[in-house]
Amino acid sequence: MSRHKMIDRLLVFGVAAVLLGFSATPVLPQGRGQGASAAPAGPWMDKSLSPDQRADLVIAQMTLDEKIQLVHGGQGGFGAPGGAQAQPNRSNGGAGWIPGIPRLGIPDINMADSAVGVTRGAAMGRYSTLLPSTLGLAASWDLQAAHLFGSVIGRELRDQGYNMSIGGGVDLTREPRNGRNFEYAGEDPILAGKTVGQLMKGIQDQHIMGDLKHYALNDQETGRNIGNVILDKRSMRETDLLAFEVAYRESQAAGVMCSYNKVNGDYACENDYLLNQALKKGFGFRGWVLSDWGGTHSTAKAAMNGLDQEMPGSTYFGDALKKAVESGEVPMSRLNDMVHRILRSMFAVGVIDDPPARQVPDVFRNLDAAQHIAEECIVVLRNANNQLPLNAAATKSIAVIGGHSDVGVPSGGGSAQVNAPGGNAVPPPPRPAGTTPGAGARGGMGGNPTYFPSSPLKAIRAQAPNAKVEYNEGTDPAAAASLAKSSQVAIVFVVQPMAEGRDAATLSLPGDQDALVSAVAAANPHTIVVVESGGPVSMPWADNVSAILEAWYPGIGGAPAIANILFGIVNPSAKLPVTFAKSEQDLPHPEIPGMSLMAQAAAARGAADAAGAGRGGRGGLPPFDISYTEGLKVGYKWFEAENKQPLFPFGFGLSYTSYAYSGLKASVSGRDVTVTFSVKNTGKRAGAEVAQVYASLPASTGEPPKRLVAWERVQLAAGESKTVTLRLDPLFLSIFNVDKDAWELVPGDYKLLVGGSSQSAPLTQTMKIGGER
Ligand code: BGC
C-alpha cells in the first residue's frame, strides 16, 4: 500500500472511530422491537417452513391493531408526524421506522436511505462508505461489481443496526437532466435492471431487506408531486417497467417503493395497472409496496389498488384504514395480504433469523471496494494522440485546475446524500442569520454539494513525485490558462452537482466551466478534462482537448481511482450507460416538461417554496401532463431512430489497448438463442473489453432500430483471445403484447450486431426465430 493511500485510510478510519466511539451509548435504541426481539419460540420460528407459511402462522396470532401497525410508518421516521427529523430515541434514526411486535418476536423495521452508501451518518454519529454513483456503477457493466457495491451497503447497514435499505433506484434515464440520474443506472432497461438487481442481491445476501424505487416513471424531479406521466402500456412495459421487472427477477427485492407522480391519471401509489396488474400479477412480485415519503393519497383506493404500506406516517393507513377494514370497505383478506407480504419478506431475506448486530464497519475493506468499483466506472471518452496514460517519469510539470480537486470529489444530494467524514470538504458559506436550514439540511437538496475528502491533487502528486504539480482553483479562466501555459500538461476538473428535488435546466456544465476548459485548452495542447457529473453533460470544447474522462461522482475512493486511470496503473474499461447528446435540441424534449411552469411559479412565490415543491409539497401548482411521446425510443433508441448523432453514444468507452472481434455464430433452437464470438486483445496491455450484443427485431414489430440484449466483460491479457458464449434471454428479444397482456417473441428475422459500443458492430448476423412460447 502506498504511503499516501495509508494516510488517506488512517484519516478515514480515524474519523470513523471517533464518530463511532462518540456515539456508542446514546443513539443505540434497544427498547422497541429490534432490540427486544428475544424471540418467543412460536411455530413460525421453524426455519424448515417456507417464508409464506411462517408469515401466515404469525398473522393467525395478530390482532387488528397489530396488523394496522405494520402497514404504516411509526413516529420515528424521517418526516413523520412529531418532527421533521428522525427520532433516534425511538427508531434507529433512518428515514423510515415501523415498530415491531415484540410479543411475537417481530422486530422493528428500520429503513435507511442507502443508494450509494448509508445515509444520515452525521445525525447519528456513524461512518459510512461513499460508493461511486449508481450511474457510475452501471458504466462498469460489471455485475460482480454491482453485487460488491450492494454487499458494502448491506454490511454497513448491518453494522449500523438497520435491517432495510431503501436505495435501489432503477428509473430509466429518459430525461438526461433529471436531478436523480446519479441514483439510477442509465437509459437501458436491461443494463439498469441487471445492475440494480445484482446490487440489491448484494444487499439482501447480507440479510438486509432492500427495495426498488421509484415505481414508476419518476424520470424527472420537476413537478414530481404533480406531474401526470402519459405513456402507452406497451412502451411502459418495454422501457421503464422492464427495468423494474429485470431488477426484481435478479434480486427478489423485499420492497418496491411507489413514486410521487401520477401515471395515466392515477397516482403511482394508487395505480391499479402499475401495482396490481404489472408488478404483482405481471412480474410475480411477492414483496410489499411502500409509498414514497408522503406519496400516499387515499385509504381504500390505495389499499385496493395495490399499496401495502404508507410511509412515513399514518394519515391514510392508520385509523382510517382500520375503520375501512371494520366497515368492510377494505376486506380483511386484503389487509392480511399486505401484512403477509411484509412478514414473508422479513422471513425470506433473513432479518428475523439473522438480525443485524452493531459493530464498527470494516472501513478498510469497504474503502478498497469503493476504489475498485470507481476504477471500473471511469469512462475515457477521448484520447487524442494517445495523450493518456500519462508517463509519470517523463512528466515534469502538471497544472491541476478547478472542481475543488485540491480537497475532494463531489457527491449527489438529497435523500441519497452520504455524510462526508469530517464534514463537507468544501464547506458552504455560512447561512444568513435568522434563516432555517430548510430542505438543504437533508443533504444538499437545493443546497451546496457535499465534497468528500479524497483529493485528486494529492493523488496526482503521489503518482508523479518528480513533477511540479501546481493547483489553480479555476475561478479565473485567465489565471488558470496562464498556469496551464507554463505546464507540460493541464488537468481540468469540471463538476455538475445534482440533487434530488430539482433537475438541471440544461445539459451545460454550470457556471463558467465551459469557458474555463476552452481557455485552458487554448493555452495548452495537452489538456485533459475530468468530468465529475450526475449525468450526461454537453461538451462544446470536446474537439479542442486531448483527453476526457467521465468520472461521475466517484465516491470516497475517487481520487486514487482517477489518478490510476490517468497514469495507466489501471487500464480503463468502462462504457457509457447513457447517451451524451450534443445539445438539448437533440433530446425528445428540448425543454423538461413543466420546467418553465415551475420556474414561473417559483419566481412568483420565492425560492424557498420552490424547494418545497420539489419534496413533499406541491408548491400550489396546478397538475400538468408529462407526455412521453417518444414512447419506446429512450436514449440511444431515440438517437438512432431519429438519425441524430450524439456527442458520445451509449456503450462507448476507450481503453489503452485495442480489441478485435471475430467468428460470430448464432444457434437457434425454439426460443433458445446462443451467440458465440471471439474477442482478441490486439494491443500491448492487459484490459477488459465490454463486448455488447444488440438485436434488431423483425420490421413487423415496429421497434426502434436495435436494443441491447446481452454483454460480457471480457478480461484479456495482451495478445490473448477468448471465445464468448452468451445465451440470449427470450424476454430481451420479446415485445409486450398489450392485447394478450403478455410478452411475445415475434417470429421473423432478427439481426444480431456485436461490438464494443452501440455504434460499433464489426460482427453482424441475421437469424430466424420460429414462433411463440
Ligand atoms: C425520496 C425517496 C426517499 C424518501 C425517504 C423521498 O423524498 O424520494 O427516495 O427514500 O424520501 O428519505
What does the charge dipole of the chain about its Cα centre add up to, to the nearest 20 debye, if the Cβ of each Lys and Arg holds +1 and the Cβ of each Asp and Glu holds -1?
-> 1220 debye
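Please identify the DSSP H helices in the chain that span no less than 20 Å along the helix axis (Cα) and have a mean Kyte-Doolittle hydropathy of 1.0 or more.
Qualifying helices, which must be both long enough and hydrophobic enough, are 3-23.
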Take every Cα pair under 8 Å in the chain that's 6+ residues apart, average their separations, divide by the length, and report that relative contact order as a whole percent.
-> 13 percent
Per-residue [θ]222 nm for the chain (sum of -39500 (n - 2.57) over DSSP H runs n ≥ 4, rounded to 500) | -8000 deg cm²/dmol
Heavy-atom accessible surface of region 631-773: percent carbon and sulfur, 1.4 Å | 47 percent
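Please list, by residue number, every one of the GluC sites (Glu not before Pro) in region 282-360 that is coil in DSSP and has at most 16 other beta-carbon atoms within 10 Å.
Working: sites: 310, 326, 329; in loops: 329.
Passing sites in region 282-360 are 329.
Once you charge only the Cβ atoms, +1 for Lys and Arg and -1 for Asp and Glu, what is the size of the charge dipole of region 489-594 about its Cα centre, to the nearest 20 debye?
On the way: 3 positive and 10 negative charges, 65 e Å.
In debye, rounded to 20, region 489-594 gives about 320.
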Out of 422, 638, 193, whose Cα points farthest toward the positive end of the dipole of the chain (charges: +1 Lys, Arg; -1 Asp, Glu; placed on Cβ)?
-> 422
May I ask you to derive the FRET efficiency for residue 46 and residue 358 from their Cβ-Cβ distance with R0 = 25 Å, giving the value to the nearest 0.05?
-> 0.35
What order do 372, 297 take when sorted by accessible area (1.4 Å probe), most exposed first?
-> 372, 297
At most 16 other Cβ atoms within 10 Å and a DSSP loop assignment: could you name the trypsin sites (Lys or Arg not before Pro) in region 708-745 that fit?
-> 740
Lys/Arg +1, Asp/Glu -1 at C-beta; the chain dipole; positive extreme among 601, 294, 463 = 463
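So how do 177-189, 204-216 stack up, highest first, on mean other-Cβ count within 10 Å?
Peptide ranking by packing, descending: 177-189, 204-216.
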Enumerate by residue number the trypsin sites (Lys or Arg not before Pro) in region 313-378 meeting two conditions: DSSP loop (anything except H, G, I, E, B), and at most 16 other Cβ atoms within 10 Å of the site's Cβ.
-> 358
Give me the accessible area per residue for the chain, probe 1.4 Å, as a whole number in Å².
-> 33 Å²
Which links in 280/633; 201/633; 233/262; 633/740; 281/740 stretch past 20 Å when you go from one Cα to the other?
-> 280/633; 201/633; 633/740
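Taking the Cα centre of region 308-443 as origin, sum charge times position over the Cβ atoms of Lys and Arg (+1) and Asp and Glu (-1), and report the length of that vector in debye to the nearest 20. It would help to have the intermediate numbers written out before the result.
Numbers: 11 positive and 13 negative charges, 86 e Å.
For region 308-443, the charge dipole is close to 420 debye.
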Over the chain, what is the percentage of antiparallel beta bridges among all DSSP beta bridges, to the nearest 5?
-> 60 percent
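Show me the ranking of peptides 47-58, 746-757, 373-384, 269-280 by mean Cβ neighbours inside 10 Å, starting with the highest.
Most protected by this proxy first, the peptides run 373-384, 269-280, 746-757, 47-58.
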Among 690, 387, 588 - extreme Cα towards positive end, dipole of the chain, charges at beta-carbon = 387
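The values are calculated or read from the model by the stated rules, or taken from the named source; none is laboratory data. Just so you know, these numbers come straight off a predicted model, no measurement behind them. Glycine gets a Cβ as well: all are built from the backbone with ideal geometry, and neighbour counts include every protein chain shown. Areas reflect the complete protein model, heavy atoms only, side chains present, ligands, DNA and RNA absent. Shrake-Rupley method; radii C 1.70, N 1.55, O 1.52, S 1.80 Å.
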